[in-house]
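The values are calculated or read from the model by the stated rules, or taken from the named source; none is laboratory data. From a predicted model like this one, the values you see are computed outputs, not experimental measurements. Don't worry about glycine lacking a Cβ; one is built from the backbone with ideal geometry, like all the others, and counts go over all protein chains shown.
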C-alpha cells in the first residue's frame with residue numbers, strides 16, 4: 001500500500017444508517033461490518049462520556065479516515081411535549097374529589 005491519504009468525514013453531514021464510501025477508493029464502509037476485512041479501527045478518542053473521533057484505516061487503499069460528529073446523549077435536547085388544547089384534555093379534578101366538566 002502507498003503512503004496513507006487522510007480524510008475527515010462529519011457524520012452529521014451524511015444520510016442513512018452510517019454507511020459511506022471511502023473518499024479515496026470508494027469501497028463501502030459500514031458500521032455493521034465487524035469483520036475487519038474492509039477497514040480497521042486505528043484509534044478512538046473519547047472526551048468524558050462522549051465519542052469525539054474514530055480513526056479508521058481503509059484496507060483497500062490504506063487511507064486514514066477520521067470520523068467526527070458523533071451524537072452523544074448529552075447532545076440530544078429532549079423537547080417537552082406541548083400542552084394539549086383544552087378541548088382534548090379530560091375533565092379537571094375538583095378539589096372536593098369530584099370531576100368537573102369543562103365548558104366548551
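In segment 1-13, of all residues being assigned to a loop (DSSP other than H, G, I, E, B) and surrounded by 13 or more Cβ atoms within 10 Å (Cβ to Cβ), the one that is modelled with the highest pLDDT corresponds to 5. So is residue 31 touching a residue at least 40 places away in the same chain (Cβ under 8 Å) and either exposed (fewer than 10 other Cβ atoms within 10 Å of the Cβ) or assigned to a loop (DSSP other than H, G, I, E, B) (or both) or not? Spelling it out, it is not the case that residue 31 is touching a residue at least 40 places away in the same chain (Cβ under 8 Å) and either exposed (fewer than 10 other Cβ atoms within 10 Å of the Cβ) or assigned to a loop (DSSP other than H, G, I, E, B) (or both). Look at segment 43-69: where a residue is on the phi > 0 side of the Ramachandran plot and a partner is surrounded by fewer than 16 Cβ atoms within 10 Å (Cβ to Cβ) and in a loop (DSSP other than H, G, I, E, B), sitting 6+ places away or on another chain with Cβ atoms under 7 Å, you get 62/1; 62/2; 62/4. Within segment 26-63, the set of residues being under 12 Å from residue 7 (Cβ atoms) and touching a strand residue (DSSP E or B) at 6+ places or on another chain (Cβ under 7 Å) comprises 29, 55, 56, 57, 58, 63. Selection within segment 14-28: residues that are touching a residue at least 12 places away in the same chain (Cβ under 8 Å) and over 14 Å from residue 64 (Cα atoms). The member of this set that is surrounded by the fewest Cβ atoms within 10 Å (Cβ to Cβ) is 17. Residues that are loosely packed, with under 13 Cβ neighbours inside 10 Å and in a strand (DSSP E or B) within segment 34-44 comprise 40, 41, 43, 44, listed in sequence order.
Selection within segment 64-77: residues that are assigned to a loop (DSSP other than H, G, I, E, B) and touching a strand residue (DSSP E or B) at 6+ places or on another chain (Cβ under 6 Å). The member of this set that is modelled with the highest pLDDT is 69.
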